[in-house]
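One structure below.
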Amino acid sequence: MQIRQFQAQYMVAPRDFQPIKRTAVTVEIGAGKGKHAVLFSQENPTTQLYAIERTKEKFEAMQKQHAVLNLNSLTPIHADALPWITHALYPAQVEQFFILYPNPEPHNSAQRWLNMPFFEFILSRLQVGGTITLASNIVEYIEEAEQQLQNVWQLPYKKEVIAKTSARTHFEIKYLERGELCQQLIITKPQGYTTRFDAFEPLLGQAQHG
Ligand SMILES: C[S@@+](CC[C@H](N)C(=O)[O-])C[C@H]1O[C@@H](n2cnc3c(N)ncnc32)[C@H](O)[C@@H]1O
């Protein structure tokens, strides 16, 4: 199955967009109130983490935590991940992506990250050997993602059951307390992997109108 090409050049810049430095970074997509982002930054103080959340109230909760804890390596971003990533990130800049409990509408398969043409753009931003961690409490979501990895993206991955004691995010805590099975895929970009966006430079806030 061939996925149609993401139209990166037409992405309008997020409001108040600020470019970032061209150094190795980690990116969390849909960071919610920032629990994982804060824990990660405390454990990895030398890794620059950009934690993107589009819902205002959740972003504000993350920003509050960030201000109280004074974490220099964490940058909360209030934006939709698609335009922000398209405008901000350079090819092969990202060491790790985290997508934790994305929970799409069950009937809208186009909202699932590995079904989206945009996933190819994400892969172009990842370093060789870099990883994408995708966690979910929805068994079918993980199964479908595995199918996409095998059939469409042709990428190696590990599948893990998340320990009942894990407490990385608010949603993870809620699901594990309910006794639900939480799983994650750790997807790796191998040497020699190519995408149609490998030479695409970030738009850096330029308004693009097709
Ligand atoms: C179910 S919540 C999980 C939040 C957090 N990762 C957790 O596990 O507690 C999914 C989050 O992803 C955010 N989100 C979904 N699509 C997004 C996008 N395109 N850009 C930025 N945030 C997005 C939603 O606003 C929501 O806060």
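Each value in this text was obtained by applying a stated rule to the coordinates, not by laboratory testing. Predicted model only: the values in this text are computed from it and were never measured. Heads up, the Cβs are rebuilt from the backbone with ideal geometry, glycines too, and the neighbour counts pull from every protein chain shown.
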(message) Using the crude model of +1 on Lys and Arg Cβ and -1 on Asp and Glu Cβ, and no other charge, please compute the dipole size for the chain relative to its Cα centre, in debye to 20.
(response) 280
(request) Name the shape class, rounded, prolate or oblate, that the alpha-carbon gyration tensor gives for the stretch 13-54, where a ≥ b ≥ c are the square roots of its eigenvalues, rounded holds for a/c under 1.5, and otherwise prolate holds if a/b is larger than b/c and oblate otherwise. (result) oblate
(request) Quick one: which residues, 5+ away or cross-chain, put their amide H under 5 Å from the amide H of Ala79? H built at 1.01 Å from N. (result) Glu53, Arg54
(message) Students often forget the sequence filter, so: which lysines lie under 26 Å Cα-Cα from Lys58 once same-chain residues fewer than 8 apart are removed?
(response) Lys21, Lys33, Lys35, Lys164, Lys174
(request) Please tell me the relative contact order of the stretch 66-197 in percent, rounded to the nearest whole number, where contacts are Cα pairs under 8 Å and at least six residues apart. (result) 28
(message) Can you compute 3J(HN,Hα) from phi for each residue in the stretch 5-15, using the Karplus curve 6.51 cos²θ - 1.76 cosθ + 1.60 with θ = phi - 60°, rounded to whole Hz and x for Gly and Pro?
(response) 7, 4, 8, 4, 5, 9, 6, 7, 4, x, 4
(request) For the stretch 99-189, state which GluC sites (Glu not before Pro) are in a DSSP loop and have at most 16 other beta carbons lying within 10 Å of their beta carbon. (result) Glu180
(request) Based on other C-beta atoms within 10 Å, arrange Met62, Met116 from fewest to most. (result) Met116, Met62
(message) Need the C-alpha centroid separation for the stretch 56-118 versus the stretch 156-181, integer Å.
(response) 19
(request) Using the Karplus curve 6.51 cos²θ - 1.76 cosθ + 1.60 with θ = phi - 60°, work out ³J(HN,Hα) for each residue of the stretch 146-162 in order, rounded to whole Hz, and write x for Gly and Pro. (result) 4, 4, 5, 5, 6, 8, 9, 8, 6, 10, x, 8, 10, 10, 10, 8, 7
(request) Please report the Cα spread of the stretch 6-120 along all three principal axes, rounded to whole Å, starting with the longest. (result) 37, 32, 25
(request) Report ³J(HN,Hα) in whole Hz for each residue of the stretch 136-145, in order, from the Karplus equation J = 6.51 cos²θ - 1.76 cosθ + 1.60 where θ = phi - 60°; Gly and Pro get x. (result) 7, 9, 9, 4, 5, 4, 5, 5, 5, 4
(request) Give me the compactness ratio for the stretch 70-210, meaning the Cα radius of gyration over 2.2 N^0.38 Å. (result) 1.11
(request) Return the tail of the calculated pair distribution for the stretch 1-74, meaning the percent of Cα-Cα pairs more than 15 Å apart. (result) 62
(request) Scan the stretch 89-170 for trypsin sites (Lys or Arg not before Pro) in coil per DSSP, keeping those whose Cβ has at most 15 other Cβ atoms within 10 Å, and list them by number. (result) Lys164
